[in-house]
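Down below is the structure, laid out as structure tokens.
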Amino acid sequence: MRPRLSLPKPHRRGFLTAAAGLLGVSALGGCERFAASPTGRRALKAGEDANMFVQRLLLTPASLAKEFPDSQISPWFKPNGTIDPPDRAYKALAARSFEGFKLRVDGLVERPQDLSLADLRALPARTQTTRHDCVEGWSAIGKWTGVPLAEVLQRAGLKPNARYIVFHCADTMEYAAADENEEAETDKTANPDMEARPEGAENQASDSQAAGSEAPGAEAEEAQGTPIRYYESIDLTDAYHPQTILAYDLNGKALPVSNGAPLRLRVERQLGYKQTKYVMRVEVTEALKGIGEGGGGYWEDRGYEWYAGI
Ligand SMILES: Nc1nc2c(c(=O)[nH]1)N[C@H]1C(S)=C(S)[C@@H](COP(=O)(O)O)O[C@H]1N2
Ligand SMILES: [Mo]
């Protein structure tokens, strides 16, 4: 398919240059007088067109992930990674249908937020039916409804040095050794197989189910070391993309626990592991170096790409 936007024709480029020159001259002669003249109006209009052209380049239809008709929705959206967080705090929230859930929004923001699900549902919503692609080689099409991340960030107000949005999750992936020794470091090298979970965190769902779905107490959790919970990050371009949402519904129903209840990120132009489930906290930062090992995400710190473009 040919791109819908083409570069300006040479003669139009020439006109823009001439218009810019005129605008420069007009600064000396008085802007108002210039704007009132027929030439001035034309030149200003050209400036506006050029501005719109540049803005639209950043947001062409091609930059939107494909959206599908409802008829193509997968009958089952395969859950992957953590499917039932074993963490005590999460279990307590889930037991009460996430009634006490509050999404924390903090870091480099003017107004830190604590948003309940009712708060989030009261904000403008977006629904999109998209295809999820996991690096493991499977895909599923789901219809997501949620609040655009931009809406949440706008409420919080970003500070000028804000560069990244970090998502902190409820689910423990593994426990860090109590003393940060060399051995622990070498354990954190790239894991070529995402399904090969670290010992101890492996197959959390069945572990906790086998244990009568009783999550370990705080002491038991601590005894295993410091929990490393799933984390991810995106830049501001993706954060403000219209299809970047914090989803609370899947296929018209409240998100199931297995797919990330009560809230999960959809950042549609990237791979599955960026689609952060069980989001508890959105932190705005200037850099990624203080987050985990500095790679920007749990799997990034184990060798995966930070920008996981599809
Ligand atoms: N919190 C959290 N988010 C996560 C994961 C996880 O283990 N924990 N797995 C990731 C991976 S690899 C994929 S493919 C998708 C799976 O989403 P699904 O369970 O809705 O299919 O979630 C991503 N987000
Ligand atoms: Mo994945």
Worksheet entry | Candidates per chymotrypsin sites (Phe, Trp or Tyr not before Pro) in segment 125-175, loop by DSSP, up to 13 other Cβ within 10 Å | Trp138
Discussion item. Taking a virtual spin label 7 Å from the Cα of Arg131 along the C-beta vector, which residues in segment 254-271 bring their backbone nitrogen under 20 Å of it?
Written reply: 266-271
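For a quick check: sort Thr226, Thr244 by the number of other beta carbons within 10 angstrom, fewest at the front.
Result, fewest neighbours first: Thr226, Thr244.
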Worksheet entry | Selection of GluC sites (Glu not before Pro), segment 131-177, meeting DSSP coil and at most 16 other Cβ within 10 Å | Glu136
Practice prompt. Give me the net charge of Ala65's neighbourhood, meaning all other residues with Cβ under 14 Å from the Cβ of Ala65; Lys, Arg count +1, Asp, Glu -1.
Written response: +3
Fill in: Net charge of neighbours whose Cβ lies under 15 Å from the Cβ of Lys274, counting Lys and Arg as +1 and Asp and Glu as -1
-3
Item to complete: Only loop residues by DSSP count here, and only those with at most 13 other Cβ atoms within 10 Å; note down the trypsin sites (Lys or Arg not before Pro) in segment 217-293 that meet that.
Response: Lys289
Item to complete: Could you compute the FRET efficiency for Ala122 and Ala254, with r as their C-beta to C-beta distance and R0 at 22 Å, rounded to 0.05?
Response: 0.90
Item to complete: Sketch the reach of a paramagnetic label on Lys289 as a point 7 Å from Cα along Cα-to-Cβ, and name the residues of segment 101-141 whose backbone nitrogen lies under 19 Å away.
Response: 108
Discussion item. Need one number: nm distance between label points at Ser74 and Ala177, each 7 Å from Cα along Cα→Cβ, rounded to one decimal.
Written reply: 3.7
Worksheet entry | Residues Thr276, Thr237, sorted so that the one with the fewest Cβ neighbours within 10 Å comes first | Thr237, Thr276
Worksheet item: Taking the Cα-to-Cβ direction at Lys102 and at Gln154 and moving 7 Å from each Cα, how far apart do the two end points lie in nm?
Response: 2.4
Worksheet entry | Tyr307, Tyr240, Tyr278, Tyr230 arranged by Cβ crowding within 10 Å, fewest neighbours leading | Tyr307, Tyr240, Tyr230, Tyr278
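Any read-out appearing in this document is the output of simple, stated calculations on the displayed coordinates, not a laboratory observation. Since the model is a prediction, treat every value here as computed from it, not as a measurement. Neighbour counts run over all protein chains shown; Cβ positions are idealised from the backbone, glycine included.
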